[in-house]
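Trainee: Handing you a structure now.
The values are calculated or read from the model by the stated rules, or taken from the named source; none is laboratory data. The structure presented is a predicted model; accordingly, all values stated were derived computationally and were not measured. Backbone-built Cβ (ideal geometry, glycine too); neighbour counts: all protein chains shown. Note: areas computed on protein heavy atoms with side chains; ligands, DNA, RNA excluded. Shrake-Rupley method; radii C 1.70, N 1.55, O 1.52, S 1.80 Å.
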Amino acid sequence: MNSGESALTVTTAPTDVAASAATPSIASVTSTEASDSVARTLYLAIGISGVMFGALVYGAMRLQSYPPMPWLSPALWTLLVGLLASLGILARWAPHRVLRIIAVTAGLVQLATILLWLVIGEGRLPADAGIPWATTFTGVPAVALAAAVNSRVAWAYAILVCSLGALLRADTTSYHHPILIGLQDGLYSFLLVGVFVGLVLATKESAVRRDETMRAARRESAERAGRLARRRERLLINALVHDSVLSTLLMAGLGRTSADAVALHARRTTNLLNSLAVRESSTPITAGELETRLRETAVKLQPGIDFVVHEGEPAPSIPREAAEALVDAVAEAVRNSALHAGRGRGGAVSRSIALERSAAGVSVIVADDGVGFNAAEVPAQRLGIAQSMVGRMQRVAGGSATVWSAPGHGTKITLSWSPPDLSQDSRAPIAGYSFAGIRLVTRRAVRGALLLFVAAHALLAFGDRDPRGPLVLEIAAVLAVSAAAVLVTSPAPYPLPRRTTVQALALCAVTATLQLFQVTPDSALPFAQWHLGAITLILLVLVAQRRIGWAWIGYAVLLGAMIGWAVANGLTPGDGVDMVIRHAGTLVAGSLFVLGLRRSAATLETINSERTQRAIEEATTAASLRERASELARVNSRARSLLDRLAGLRVGEARPGESEPGAHAQAPSDDLKPVRTALRAECLLVEASLRDSIRGRSLSIEPVITAAHRARARGVDVTLIDDGDDGSDARNIGVVATSVAIANELERMQGGRLTARILPSGRPEFATIVVESTEQRMLTVDAAGSVREL
Amino acid sequence: MEMETRMSCYRVALIDDHEIVARGFADLFSTLPEIEVVATVDSVSALLDSLAPGERLDLAILDLRLADGSMVASNVDRLRERGIDVLAFTGGDDAQLMRFAARSGVLGVVRKSESTAVLLDAVTRAAAGEPVASTEWAAALDGDPDLADAGLSPRERQVLSLYAAGAKAPLVASRAGIAESTVIDYIRRVRSKYERVGRPANTKIDLYKRALEDGILPVPGY
């Protein structure tokens, strides 16, 4: 307490500020679980795809070697495939920075390969290996890069590498319309690469958003848990401490009880305060540790006792406080049973302790088959030890205790603890997360992609076609596949409705069938089989729409059809496979990615709930401890020294000069001597100020504290009540004005009573002050701080 | 009209889990000629057990927080069922406890640290069955977010808030412009109406649930 300064200084009460401070940053530690998981899944898929495509282009690579430096092509190929493969191998363990570097390097090597080829490469490529192997590869490094860098760079790269690839194709093709070829290649590549890159970027984005959502949800859960814990702790401390401290001080102050009784009570109170003091370390105890301690305790008390452990799913670790309460309570139960159960019984009593552990918490059952008692008849407080057992468990968040007993049927005491209930927590649902990426692709982007799709394939189909085939059928084919594309990208729930899927596949079948009329095996047109790529893209989107099975069935049918067509046209089945196999790569890559994401979604769910649980536990413990510490600090700072003095009172203190503690025998009336007057007055003053800080809350500040103290010493009865809402800043003006007004009034009073009350929110006035001394006055304070007299 | 002869002695019991408190007050109230303190116990169960069937008890002075883990509402209910009026005593630190008590129909709630005169007056009135209006009680009711459920009239609200502000009967009467006896009438009505608050069909279950929600934990033994 400030020893009154002349000016009225106003200080805000520190307690609630501390209590309302944000929960510690446990929950706000940057969590990037989803982003990390997505990245790793991507890299794995990329790695596998890289190896696959490497195998696919190997043959062409051998045929396309560069004569002056025949080792160059294989070297570059090895480098590229090696980088991509290492990406896949390291995907699980390597730090993200390393993976990103590898991915970017792969992209650069790809770029360099094409550039090098452009610069030093000479001549046209043979017709049967007419596609530069580097450009076949283009997709994978681009996706790797997209996984590693931000979207702007990813798209820039995609455009660059496709353009260069187009250039290269134009440069090296032995076909007679090189520019057209280049254009077709560029456009188609960009379509394919663009779809992949777009999906990857969208998935990354959705992962980032999910991380944010999870973080926010976790923070909210933690804050709520903290609030609940603070409130609980406040009520708990109120119940235990205030009652005890206030009554000790009051009774000491009123002087109606003997010093001895006061001392005893004060000692019990200080013991209580000590026992509640916050311990520094509060690391949780594992279920195994708990078992060990329980076993030790039980065996120590009752060597022969039966100790059984039932284990369910892995039990959570237990807060230290709860574990200690549990062990103490079990010890009490055993002791109690040892004392009472065998009474009046001839035979021995068998006792047992059963420990059950499960995800729902732990519980210990202490049972005996002794005499038992009628629990209904015996009043609760006479259970004595049972009472403190129950109380001990109830003092702990999540703890509980039940006592069952019947005469002749023994006694069973169940003590348990369960972790805070998560079920009311909003777990942001990530069930639909599997390929949420596609949901984030805006309609505008989808429309753009569709446009590109139709344009590219139209170009491929009509830019250069075999005039022998009927044009109308080719147009129909393009329309059919475009319709299929529109269908599979229509806004629809997950997974794509079966009807839509089947319709799309049917359209693809139509396209393929129509094209059968177009293409003859001797057709030298490089993009005569454009429909294969188009259908593959459709199938890829089906995979993205979680119709993986259907997509692969479609592909299998396509494969079969091509084989059939090859055979029917005098080619080997192998030739048929050859035509379609490169598209398999695309489909495999997409399928891998989607499947990988689905698996990681389940893990993410578990990780998230674990993390949330931990955040809640930490927030609860931290908030409880902080609240208790601040409440105890307040009580201790105001009342402790006085309590200690009261606790140390002996009979001799009552009358100065009598210093012998055992003076009872001398004069019986000494026992009843009340406490000394000055001490009593101090007790009353401290009791009142403590009550002020509890019931008067925000009014318990300077200048009120000093003014009240002085006024009470003069005999004024001061009552402070704060019924306002907690902690809104708008209150400050009102609080300050009210406290100044209170102090002013108190300074003027020599007796009588003053009552000040902050009203609940929503009233026309902020606070009222009633002064009853020589006259009776009533003042009101409004929210703006102006004081009026009624 | 003749007033009925007052009983020469009101039998009063004190229920408080802090022994020195119970004894201290017992000594104080015994100084009143018409009060006989017949028991000081630490729980309602102890009191009810010790009463012979048919034995009369006029008033129980009940501490709102007891160490046996009992709840206010159930304590008050049990006493009233037995035909004993209840005057609640409180340390003055918990408004919610006072509300629970008021909803269960105590005659009043008085702060233990009030002056002797106020305490004696309160006990005298309560022993005679009259309600006791105190600042704490009024503030607790006035601050009840569910107060609207009681259906108090504007006048009753005004009287209640004046009491809550700290005024006593004379000041309340003058501010409200009514006679003191009318004020007392209003208080009686407020008291009985407030018993209605939060009392739907499943009274006890609701209060119990509310107490749990609010985290009012039973006080453990230590």
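Trainee: Expressed in nm to one decimal, what extension gain is obtained for the pair A:Glu747 and A:Val208 from 0.36 nm per residue of sequence separation less their Cα-Cα distance?
Mentor: Numbers: separation 539, 0.36 × 539 = 194.04 nm, distance 6.16 nm.
Full extension from A:Glu747 to A:Val208 adds 187.9 nm.
Trainee: Continuing with the same structure: What are the residues of the range A:692-727 that lose 10 Å² or more of accessible area, with a 1.4 Å probe, going from their chain alone to all protein chains?
Mentor: A:Ile694, A:Arg695, A:Asp717, A:Thr719, A:Ile721, A:Asp723
Trainee: Below 8 Å between Cα atoms, with a sequence gap of 6+, how large is the relative contact order for the range B:148-194 in percent? Numbers along the way, then the final one.
Mentor: Working: 29 pairs, mean separation 22.0, N = 47.
Reported relative contact order: 47 percent.
Trainee: Restrict the search to the range B:20-113; then list the GluC sites (Glu not before Pro) that DSSP places in a loop and that have at most 12 other Cβ atoms within 10 Å of their Cβ.
Mentor: Values: sites: B:Glu34, B:Glu36, B:Glu55, B:Glu81; in loops: B:Glu34, B:Glu55.
When the GluC sites (Glu not before Pro) of the range B:20-113 are filtered for loop state and at most 12 Cβ neighbours within 10 Å, B:Glu55 remain.
Trainee: When you count, for each residue, the other Cβ atoms within 10 Å and take the mean per peptide, how do A:97-105, A:294-302 rank with the highest first? All intermediate terms of the calculation are to be shown ahead of the outcome.
Mentor: On the way: A:97-105: 18.2, A:294-302: 16.6.
The peptides rank, most packed first, as A:97-105, A:294-302.
Trainee: So for the range B:1-143, considering every pair of alpha-carbon atoms, how many percent are separated by more than 19 Å?
Mentor: Details: 4694 of 10153 pairs.
Counting every Cα pair in the range B:1-143, those more than 19 Å apart make up 46 percent.
Trainee: I'd like the carbon and sulfur percentage of the solvent accessible area for the range B:17-76, probe radius 1.4 Å, heavy atoms only, ligands and nucleic acids excluded. Intermediate values should be presented prior to the final figure.
Mentor: Numbers: 1060 of 2120 Å².
Looking at the range B:17-76 in its full context, I get 50 percent from C and S.
Trainee: Tell me which chymotrypsin sites (Phe, Trp or Tyr not before Pro) from the range A:60-140 have a DSSP coil assignment and no more than 12 other beta carbons within 10 Å of their own. Write down the numbers at each step before the final one.
Mentor: Working: sites: A:Trp71, A:Trp77, A:Trp93, A:Trp117, A:Trp133, A:Phe137; in loops: A:Trp71, A:Trp93.
Loop-located and lightly packed - A:Trp71, A:Trp93.
Trainee: Out of the range A:460-505, which trypsin sites (Lys or Arg not before Pro) are coil in DSSP terms and have no more than 10 other C-beta atoms within 10 Å?
Mentor: Values: sites: A:Arg465, A:Arg468, A:Arg498, A:Arg499; in loops: A:Arg465, A:Arg468.
Sites meeting the loop and neighbour criteria: A:Arg468.
Trainee: Can you list the residues of the range B:113-159 that have at least 40 square angstrom less accessible area with all protein chains present than in their chain by itself, probe 1.4 Å?
Mentor: When all protein chains are present, B:Ser113, B:Ala139, B:Asp142 each give up 40 Å² or more of accessible surface.
Trainee: Now for a separate question. Can you compute the equivalent ellipsoid semi-axes for the range B:18-78, i.e. the square root of 5 times each eigenvalue of the Cα gyration tensor, sorted largest first and rounded to whole Å? Don't skip to the end; give the middle numbers.
Mentor: Numbers: eigenvalues 75, 50, 19 Å².
Taking √(5λ) for each Cα gyration eigenvalue gives 19, 16, 10 Å.
Trainee: Under the definition of partner shielding as Cβ atoms of other protein chains within 10 Å of a residue Cβ, what is the mean value for peptide B:166-173? Numbers along the way, then the final one.
Mentor: Numbers: counts 14, 6, 5, 0, 2, 6, 1, 0.
Neighbouring Cβ atoms belonging to other protein chains average 4 per residue here.
Trainee: Averaged across the residues of A:240-252, what count of C-beta atoms belonging to other chains lies within 10 Å of each residue's C-beta? Walk me through the numbers on the way to the answer.
Mentor: Details: counts 6, 0, 5, 13, 7, 1, 8, 13, 3, 1, 9, 9, 2.
Average per residue, whole number: 6.
Trainee: Which whole number gives the average, over all residues in B:88-95, of C-beta atoms from other chains lying within 10 Å of the residue C-beta? Numbers along the way, then the final one.
Mentor: Details: counts 0, 0, 3, 13, 12, 12, 7, 4.
Shielding by partners across B:88-95 averages 6.
Trainee: If packing is taken as the mean number of other Cβ atoms within 10 Å per residue, what is the order of A:145-151, A:155-161, highest first? Intermediate values should be presented prior to the final figure.
Mentor: Numbers: A:145-151: 21.1, A:155-161: 18.6.
Packing order, densest peptide first, comes out as A:145-151, A:155-161.
Trainee: At a Förster radius of 41 Å, what calculated FRET efficiency corresponds to the Cβ-Cβ distance of A:Ala338 and B:Glu195, to the nearest 0.05? Mind dumping the intermediate values first?
Mentor: On the way: r = 48 Å, r/R0 = 1.17.
Calculated value: 0.30.
Trainee: Return one quarter of the surface area of the convex hull spanned by the alpha-carbon atoms of the range A:558-652, equal to its mean projected area, in nm². Could you put the intermediate results ahead of the total?
Mentor: Working: hull surface 42.1 nm².
Over all viewing directions, the range A:558-652 projects a mean Cα-hull area of 10.5 nm².
Trainee: Further question: When the chain is fully extended, how far beyond the present Cα-Cα distance does A:Thr442 get from A:Thr292, taking 0.36 nm per residue of separation? Before the final figure, lay out each step's value.
Mentor: Numbers: separation 150, 0.36 × 150 = 54.00 nm, distance 5.80 nm.
Stretched out fully, the A:Thr442 to A:Thr292 stretch lengthens by 48.2 nm.
Trainee: Per residue, how big is the convex hull of the range A:700-757 when only Cα atoms are used? Give it in Å³. Provide the component values of the computation, followed by the final result.
Mentor: On the way: hull volume 3.6 nm³, N = 58.
Here the figure is 62 Å³ per residue.
Trainee: What list of ³J(HN,Hα) couplings, whole Hz, do you get for the range A:679-695 from phi and the Karplus terms 6.51, -1.76, 1.60, once you set θ to phi - 60° and write x for glycine and proline?
Mentor: 4, 4, 4, 4, 4, 5, 5, 5, 4, 5, 6, 5, 4, 4, 5, 8, 7
Trainee: Still on this structure: Give me the summed buried accessible area for the B-A pair, 1.4 Å probe, to the nearest 100 Å².
Mentor: On the way: alone 10980 and 36580 Å², together 43260 Å².
Result for this pair: about 4300 Å² buried.
Trainee: Strictly greater than 26 Å: what percent of every Cα pair in the range A:125-263 meets that? Display every interim value, and only then the final one.
Mentor: On the way: 5690 of 9591 pairs.
Looking at the range A:125-263, the distances longer than 26 Å represent 59 percent of pairs.
Trainee: Something else now. Between the chain alone and the structure with every protein chain in place, find the residues of the range A:744-790 that drop at least 20 Å² of accessible area; heavy atoms, 1.4 Å probe.
Mentor: In the range A:744-790, residues shielded by partner chains: A:Arg753, A:Thr755, A:Arg757, A:Arg763, A:Val770, A:Glu772, A:Gln776, A:Met778, A:Leu790.
Trainee: Want the number for B:Leu120 to B:Asp185: 0.36 nm per residue separation, take away the alpha-carbon distance, what's left? All intermediate terms of the calculation are to be shown ahead of the outcome.
Mentor: Details: separation 65, 0.36 × 65 = 23.40 nm, distance 2.14 nm.
Using 0.36 nm per residue and subtracting the Cα-Cα distance, I get 21.3 nm.
Trainee: Cβ neighbours within 10 Å, averaged per peptide: list A:245-255, A:779-789 in order, most packed at the top. Walk me through the numbers on the way to the answer.
Mentor: Details: A:245-255: 26.8, A:779-789: 15.6.
Highest mean packing first, the order is A:245-255, A:779-789.
Trainee: Next up: Which semi-axes, in whole Å and largest first, does the equivalent ellipsoid of the range B:69-119 have when worked out from the alpha carbon gyration tensor as the square roots of 5 times its eigenvalues? Display every interim value, and only then the final one.
Mentor: Working: eigenvalues 75, 36, 13 Å².
Working from the Cα gyration tensor, I get semi-axes of 19, 13, 8 Å.
Trainee: Compute the whole-percent fraction of alpha carbon pairs in the range B:99-169 spaced more than 14 Å apart. The partial results should precede the final answer.
Mentor: Details: 1516 of 2485 pairs.
In whole percent, the share of Cα-Cα pairs in the range B:99-169 beyond 14 Å is 61.
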